[in-house]
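The values are calculated or read from the model by the stated rules, or taken from the named source; none is laboratory data. Computed from a prediction, not measured in an experiment: that's the story for all the values here. With ligands, DNA and RNA removed, areas are computed over all heavy atoms of the protein, side chains included. Shrake-Rupley method; radii C 1.70, N 1.55, O 1.52, S 1.80 Å.
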Amino acid sequence: MDYFILILIVLISLTMIPIIYRLVKGPTAPDRIIALDAIGVCIIALVGLFSIYMKTSFYVEIALLLAILSFIGTTAFSKFLEKGDIIERDNSN
């Protein structure tokens, strides 16, 4: 069972190589945002697998924190690309 988890960790790590390439060389900004989100998902999966491998639940909390930060980052980048502003201020005074 431990070898299976180690093989999965290596495979997910190898999967991140083309994603990093897309992050660096992406032709458009939305491609880069999707690549950044995919890297976040891969890191969350790696932390979860490492938690299973180490037989502890401590790393699950780190994975949840990374998931929240990844979601907020992807949402903020997407909103910035769409509207050019992340936080809208009403200056009607």
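Odds and ends about this structure:
- When restricted to residues that are open to solvent by 40 Å² or more (accessible area, probe 1.4 Å) and either more than 12 Å from the chain's Cα centre (by Cα) or farther than 16 Å from residue 13 by Cα (or both), segment 28-65 contains 20.
- Any hit, segment 66-89, residues being open to solvent by 50 Å² or more (accessible area, probe 1.4 Å), within 13 Å of the chain's Cα centre (by Cα), of a type outside the set (A, V, I, L, M, F, W, C) and closer than 30 Å to residue 1 by Cα: no
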